[in-house]
Structures are given as structure tokens and as C-alpha cells.
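A.B. asks: Take a look at this one; I'll ask things after.
Just so you know, all these numbers are worked out from the coordinates, no wet-lab data involved. Nothing here was measured: the structure is a model prediction, and the numbers come from that model. For neighbour counting, all protein chains shown are included, and Cβ atoms are generated from backbone atoms with ideal geometry for every residue, glycine included.
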Amino acid sequence: MHALTVLVAAEAVDAASDLLSDEHDALSVSIEDADAGSPAEQPVFDEPGTGGSRIWRRARLSALFDSEAAATAAAAALAAGAAGHDARIETIAPVDDRDWVRLTQAQFGPTEIEPGFWIVPTWSAVPTGAVRTIRLDPGMAFGTGTHPTTRMCLRWIVRQSASRPAAWPRVLDYGCGSGVLAIAAGLLGAGSIDAVDIDPAAVETTRANAAANAVTLRAHAADGAVGGEFDLILANILATPLKMLAPLLANRLAPGGELVLSGILAAQAGELKASYAPWLALEVADQDDGWILMTGARPAPARVA
């Protein structure tokens, strides 16, 4: 295999990436700040879809090809301005023959969520002292349990499960990724579980992980029909889609049902509260490394004396 490294203006990143992957069959394309570590570095924290204007001045694209000829042809197309902007070719070099899957797996090891409760990748041994484990292979989906947003959701599920008199009868994991949240709820006694995602790979990964943990659930595309109401809804996505989903998620809560939202930066708490205010009050329930977890409950009907 051969790797092509090229510098492009930030505004040309999408066009250059599409050219490399779609027209020249790059096996992978990675993007990084070309000025990282220098005085010209411009850190970017804006969430996609929020309309933020801060972007890198220059980007470095690294594309992997199965042959030197393919990498050279892609470089020639970029140099000729095929992506619509000037590009500067840095290197075309052979790549060592390595087991890239195992190298990636090595970055993800067992994670303890709460004392005795562990997320353990399928290629790792179960730690001594683990009382309950989720065996997980994230595949191509988000959700290894190591990101702060996922950790907070898992902590909430474990702690709330321990303090509740009974498990949730019906659970919805919206944007399920690897299925780790739905599986955690299932292992802690939840009844009927639905897990949905817009990514078909996430749906398949969730099904496989649920089977590996002997958890029964229904995993399907987010555009499919999910009827009825839920006693617990989990949504670990990002602030912008969570705001757009407010009517859908709030109206799927059963009376007294609990809503758990993550993927939110601390500065976005006010926006989320405002978006869900017509249905329920959201509060910050946890925070981790700049991210927050927000929860709320649909008011239960008043009892008649």
C-alpha cells in the first residue's frame, strides 16, 4: 500500500476528500490541521451544524491506496486542480505491512464505568473483580464506552437502576451506535428495548453486540416506525440534532418517563433547556471533560383524591 499526503486550503477539504475517495478509490482519507503544534494553529471546537465560522487555515489530507500507481494518479488530479483549489503534494510513500485492525483495537481496552461494572472489548480478557460486563465490538459504529458522553450515560443507567424499585418496562436508545446503552439497560433488567440509528452499520453492530451479551432488543433504522411510549429514552448524539428531535423524543415519553440526553457541551445547556421547555424541564445531571448529561421527566398525570 502507498500513502499520499497533500496540503489543501481548509475550504477545499470536502472536494479533495471526495475526489480521493469517490473518484480514485482511496482506502481511507484522514484530515488534520496542517498548522497543529505551530503558532498558526487554530483549534476548532464548533459542532457541525451550528453555523460556526472558525475553520483551519490549511488541512493535511492523508489518503491510503492499494498501489503506488493509484496514489500517483490521485496526486496528479489534485495537483491539476481537479478538486477546484490548489493543492501541494507532500509525499507519496509506501506503508508498512501492519495489522491495522489490531493496532486500532489496542487503543480500546476494558473500561470500568462504576465499581464492578465494566465495558470489555471482545478481544480483551475480563478484568479480575468485574461483577458485570458488557462484551463489546464497536465495529464501524460510535460507542466504545470510553468517550465522556457515553460514560456519563452508562453511569446514569447503572446508578438509577440500583436506586429504582423496578426496571424500566420499555426503553428507546435513539442513535444507538454500538448499542452499548441499550445493552446496559437490558443487562440491568429493562423490559422491551428498541435501538434505532440512521447508520445501517450501527444497526447491524448493535444486533451483533446484543446477541453477544444475550440481550434481546429490536434494532432498526431511525426512519422506521417506532410506536408507543417509552419509560426511558436515551439519546447520545449532538446538541443540534437533539434540539431538532425535541418534539419526537418528548412525545414518545410515557407519563413519568425519563429522558437522558448526551453529546452536549456545557455552553449548550441553555439551548437544550429552551428546546425541550414546551414538554419538560431539563437539568444538568452530570459533567465530564467539558461535556454534560441532561435529564428530564415527563410530568405524570395528577392523581384524583
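A.B. asks: Taking the mean number of other Cβ atoms within 10 Å as a proxy for protection, how do you rank 278-287, 205-214 from highest to lowest?
C.D. replies: 205-214, 278-287
A.B. asks: Okay, next question. When ranked by the protection proxy of mean other Cβ atoms within 10 Å per residue, highest first, what sequence do the peptides 254-261, 7-14 form?
C.D. replies: In descending order of packing, they fall as 254-261, 7-14.
A.B. asks: Okay, next question. If I model a spin label as a point 7 Å beyond the Cα along the Cα-Cβ vector, how far apart are those points for Glu204 and Thr72 in nm?
C.D. replies: Output for this residue pair reads 3.5 nm.
A.B. asks: If you don't mind, another one. Semi-axes of the equivalent ellipsoid of the range 154-213: what are they in whole Å, largest first, if each equals the square root of 5 times a C-alpha gyration tensor eigenvalue?
C.D. replies: Here the semi-axes work out to 21, 10, 10 Å.
A.B. asks: I'd like the distance between the alpha-carbon centres of the range 240-305 and the range 206-237, rounded to an integer number of Å.
C.D. replies: Spelled out, the Cα-based centre of one part sits 19 Å from the other.
A.B. asks: While we're looking at this one, here's another question. Please pull out the direction-averaged projected area of the range 106-297, using the convex hull of its alpha-carbon atoms, in nm² to one decimal place.
C.D. replies: 10.1 nm²
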